[in-house]
There are 2 protein chains.
Amino acid sequence: MITNSFYFNLASGDEIEQYAKKVKDEYQSGKIGYYHLPDTSKTLIDDIKKYEATISDIKNIVLVGIGGSSLGVKAIKSMLGEKKRKLYFLDNVDTNTFNLVCNNIKFNQTIFIISSKSGTTIETITLLKCILNKFNPSDLSKNFIIITDTDTPLERFAIKNNIKFYNMPKNVGGRFSVLSAIGIVPLGLCGYDINLLLDGAKVCQDRYIHNKNNEIIAKAYHYATHRKADINVLFSYSDRLKDFNDWYVQLWAESLGKKHEYKRIGRTPIGLIGSTDQHSFLQLIMDGVKDKTVTFIKIQNSDNIKIPNISLDELEATDFVNNLNLNELLNAQCDATKMALVQEGLSVDTITIKHLNEYSTGYLIYYYELLTSATGIVLDINTYDQPGVEIGKRILKTIIKARD
Amino acid sequence: MITNSFYFNLASGDEIEQYAKKVKDEYQSGKIGYYHLPDTSKTLIDDIKKYEATISDIKNIVLVGIGGSSLGVKAIKSMLGEKKRKLYFLDNVDTNTFNLVCNNIKFNQTIFIISSKSGTTIETITLLKCILNKFNPSDLSKNFIIITDTDTPLERFAIKNNIKFYNMPKNVGGRFSVLSAIGIVPLGLCGYDINLLLDGAKVCQDRYIHNKNNEIIAKAYHYATHRKADINVLFSYSDRLKDFNDWYVQLWAESLGKKHEYKRIGRTPIGLIGSTDQHSFLQLIMDGVKDKTVTFIKIQNSDNIKIPNISLDELEATDFVNNLNLNELLNAQCDATKMALVQEGLSVDTITIKHLNEYSTGYLIYYYELLTSATGIVLDINTYDQPGVEIGKRILKTIIKARD
């Protein structure tokens, strides 16, 4: 389904085995919830399906959430295209975006999913207020769903207003939460096959946690120890992967940017789209400082247009791609760029996805979550917290209260 | 119109004066064409306006181009919203995107603008072939426009097929070309005020080149000499600036990633959107390695929604933002994040745009182009070439020819 080929040496031996054991220990400890979502989220599916059967008058789902509450869902929507219902996102307190979404829908044909792990995310609750003000519903129970941790203010708000709510496991961090209710509720209601999504993740879990395949650990070891290349580029050859890149950026940046005692540690993620960004960022990777690793993603089979066998007067020099499929040209560009980087001595690997569907998407998500956990373990940091973003929230309150 | 405030010390004195002189020399040499576009592009406006008056049956403009031929136009469209005609982009050989655009339009209501500086860009010419194959027009003269350098194969193709064409000055590089025909033709035909766009750029030119304001030079000097912080983050607080970020990334990466004799030099650009990416990348900037500078962009006045003065049961802790405008909240978040970063000792500056319109957009584009030129001059590199991307193009031909 998904294969990974490397153009740098993967370490092996005792050290890798030890880190593999640490990952497995973390998995088995039960403390980090995302590892188990391929199983635990299965228990939600019946309820989502039953609920979905009752909302035949609903045409739109609007996901109101920010960061981990939206990036993963957006990634999956973009990868798989639109299904039964339209899926919109409100993930910023931006007037223009709010109007673009809310002026485009009818309230009685819409369910707003209010997603916030903490239940007090200022952007999300503010957007909820703006939605209530705009549509002024008399009853909140029909057009809202809430997804939050157990026993948050938002859960209590849901209970008091008779709003259907789902919980995510407390020990699942926001950026690792797309396979929890956070993702599978909106995706399930929109008609994506959430069973297959979880099955794909489960296959990845089996492969790398239960079947002693240490490839991810060895790759993580390379990222964690190859200090000179602390910028990690994901170069995805499909417009459909643009939002997946953004999800990866959050996962990697927020998980691996940490203070370790007094030392600052970080791996900087960058998402690029091929071939477009061959005409943008590539020059810097080729000739700039060798501080980058590059992972290419390509899709083997996709809907395809054949490049017609037309020879245009004066433009015959471009005819060498005639009769290829567009996707073959795209993948050949991926291979050519990869070879150019290998010649410059950069660490490069390629992830090849056979078909882009729920199954491979679930696998790819779990793959990147495992890679992040493993890299954090080798770096010896807490992969799952985000202490650096709290101070800004406190300053925000001070600034706004000072205005009064 | 646009102001810039700094939270790091800007150098002054003789060295800055010397670099300012070098920038002015480069400007006066006439060798680098983009500097003069605010004047030279004015000569195109009459023709564009006359042509625009003849296409009342045209509803869509599809810009077919990649890299410098599309990123700047996309940025301006996103900043200013839609005008008289819809503007679509084909900037990748991606089947899904091709179908999304081409299945959405009627051929006889559409002008395709084929933009390629070299006139042989493989993606662009391939897309042209796919368009011709899909719509099979008998006459190319009505629904196509070509923009290219003088005397390219694409220009000759245009002449032979009686297609209207515009040239860009030879000495304007692709990533510096948005104020040339590359940008002002599609924007003018779609109803954007291209006169104002050029006027805004001219004001910036006056300020920084003619009026001895060395602020940009001093800022460039900081980026070029502050070696430990060689990642430059643009943190834009508006969804409308997402494509501007992508334009900046190309400009910065492709201009400043260079080999200088045997030494590799580079500044790595990253574009973020606030407040969304406060929930993503910010943790890495706060606690990760201090290898980043951050420029914030905020918009002072924008269309606005007032946060209603609603107190939701259980969610009263979020009421401190009630009665603000959404944009005030967004800008307060920008200020709070900036203060948090200043406390960590990072180099931070803020660009404040009073109103987002053609005038300020032209100014901002020229500002970033000047900053790039100045940084390249301090780094002592060739800012305007891109030798690193050629090898991939040669390998691509080898790969595809080997398939036969």
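The values are calculated or read from the model by the stated rules, or taken from the named source; none is laboratory data. Everything quoted here is computed from the prediction, not taken from an experiment. Here the Cβ is made from the backbone with ideal geometry for all residues, glycine too, and neighbour counts use every protein chain on show. The accessibility values were calculated without ligands, DNA or RNA, using every heavy atom of the protein model including side chains. Shrake-Rupley method; radii C 1.70, N 1.55, O 1.52, S 1.80 Å.
At-a-glance table
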| item | result |
| --- | --- |
| Scope segment A:322-377; condition small (G, A, S) and within 15 Å of the chain's Cα centre (by Cα); matching residues | A:S360, A:G362, A:S373 |
| Tally, over segment A:191-221, of residues that are hydrophobic (A, V, I, L, M, F, W, C) and open to solvent by 30 Å² or more (accessible area, probe 1.4 Å) | 2 |
| A:S141 being open to solvent by 10 Å² or more (accessible area, probe 1.4 Å) and small (G, A, S) | yes |
| Restricting segment B:90-101 to residues that are at the interface with chain A (Cβ under 10 Å from one of its Cβ atoms) and closer than 25 Å to A:F98 by Cα, the residue that is least open to solvent (accessible area, probe 1.4 Å) | B:T97 |
| Residue selected from segment B:222-265 under the condition among the basic types (K, R) and assigned to a helix (DSSP H, G or I), by the criterion surrounded by the fewest Cβ atoms within 10 Å (Cβ to Cβ) | B:K242 |
| Pairs, first more than 8 Å from chain B (Cβ to nearest Cβ) in segment A:307-329, second of a type in the set (S, T, Y), C-beta under 7 Å, six or more apart | A:D319/A:S311 |
| Conditions (1) closer than 18 Å to B:G68 by Cα; (2) of a type in the set (D, E, K, R); (3) open to solvent by 10 Å² or more (accessible area, probe 1.4 Å); number of the one not met by B:K354 | (1) |
| Matching entry among A:K83, A:K117, A:K106, A:K59 (being open to solvent by 10 Å² or more (accessible area, probe 1.4 Å), touching a Phe, Trp or Tyr at 6+ places or on another chain (Cβ under 7 Å) and more than 9 Å from every other protein chain (Cβ to nearest Cβ)) | A:K83 |
| So B:I353, is it in a helix (DSSP H, G or I) and at negative phi | no |
| Only listed residue being buried (at least 22 other Cβ atoms within 10 Å of the Cβ) and not charged (D, E, K, R), chosen from B:Y51, B:Y35, B:Y27 | B:Y35 |
| When residues of segment B:158-214 are limited to those that are touching a strand residue (DSSP E or B) at 6+ places or on another chain (Cβ under 7 Å) and part of a helix (DSSP H, G or I), the one nearest to B:L132 (Cα to Cα) | B:A158 |
| Residue, farthest from A:D230 (Cα to Cα), within segment A:288-304, restricted to residues that are touching a strand residue (DSSP E or B) at 6+ places or on another chain (Cβ under 7 Å) and free of Cβ contacts under 8 Å to residues at least 40 places away in the same chain | A:N304 |
| Scan of segment A:102-143 for residues that are among the acidic types (D, E) and assigned to a loop (DSSP other than H, G, I, E, B), ordered by number | A:D139 |
| Check on B:A158, buried (at least 23 other Cβ atoms within 10 Å of the Cβ) and more than 28 Å from A:D243 (Cα to Cα) | yes |
| Members of segment B:266-281 that are of a type outside the set (D, E, K, R) and either within 20 Å of the chain's Cα centre (by Cα) or open to solvent by 10 Å² or more (accessible area, probe 1.4 Å) (or both) | B:G266, B:T268, B:P269, B:I270, B:G271, B:L272, B:I273, B:G274, B:T276, B:Q278, B:H279 |
| Answer from B:T110, B:T150, B:T120 - the residue that is among the hydroxyl-bearing types (S, T, Y), farther than 23 Å from B:Q386 by Cβ and at pLDDT 95 or above | B:T110 |
| Test result for B:Y366, more than 7 Å from every other protein chain (Cβ to nearest Cβ), open to solvent by less than 40 Å² (accessible area, probe 1.4 Å) and of a type in the set (F, W, Y) | yes |
| Among the residues listed as A:Q333, A:Q300, the single one being outside any loop (DSSP other than H, G, I, E, B) and facing chain B (nearest Cβ under 7 Å) | A:Q333 |
| Filter pass, A:I131 being touching a Phe, Trp or Tyr at 6+ places or on another chain (Cβ under 8 Å), modelled with pLDDT of 95 or more and open to solvent by 10 Å² or more (accessible area, probe 1.4 Å) | no |
| Criterion violated by B:V294 - all others in (1) facing chain A (nearest Cβ under 8 Å); (2) open to solvent by less than 10 Å² (accessible area, probe 1.4 Å) satisfied | (1) |
| Which numbered condition A:G65 fails, given (1) more than 21 Å from A:N108 (Cα to Cα); (2) crowded, with 20+ Cβ neighbours inside 10 Å | (1) |
| Tally of residues being part of a helix (DSSP H, G or I) and open to solvent by less than 70 Å² (accessible area, probe 1.4 Å) across segment A:1-24 | 5 |
| Failed condition for A:D287, given (1) touching a Leu at 6+ places or on another chain (Cβ under 8 Å); (2) under 27 Å from B:G271 (Cβ atoms); (3) within 7 Å of chain B (Cβ to nearest Cβ) | (1) |
| Some residue of segment B:4-18 being among the hydroxyl-bearing types (S, T, Y) and touching a strand residue (DSSP E or B) at 6+ places or on another chain (Cβ under 7 Å) | yes |
| Failed criterion for A:K306 (all others in (1) closer than 25 Å to B:Q283 by Cβ; (2) open to solvent by 40 Å² or more (accessible area, probe 1.4 Å) hold) | (1) |
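Matching residues to (1) within 12 Å of chain A (Cβ to nearest Cβ); (2) more than 26 Å from B:S78 (Cβ to Cβ); (3) polar (S, T, N, Q):
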position	(1), (2), (3)
B:N357	no, no, yes
B:T361	no, no, yes
B:I381	yes, yes, no
B:Q386	yes, no, yes
B:V389	yes, no, no
B:I395	yes, yes, no
B:R403	yes, yes, no
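This table checks each residue for (1) over 23 Å from A:K242 (Cβ atoms); (2) among the hydrophobic types (A, V, I, L, M, F, W, C); (3) at pLDDT 95 or above; (4) outside the structural domain of B:L370 (by TED's automatic domain parsing).
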residue	(1), (2), (3), (4)
B:V249	no, yes, yes, no
B:A253	no, yes, yes, no
B:L256	yes, yes, yes, no
B:H260	yes, no, no, no
B:K263	yes, no, no, no
B:G266	yes, no, no, no
B:D277	no, no, yes, no
B:S280	no, no, no, no
B:I299	yes, yes, yes, no
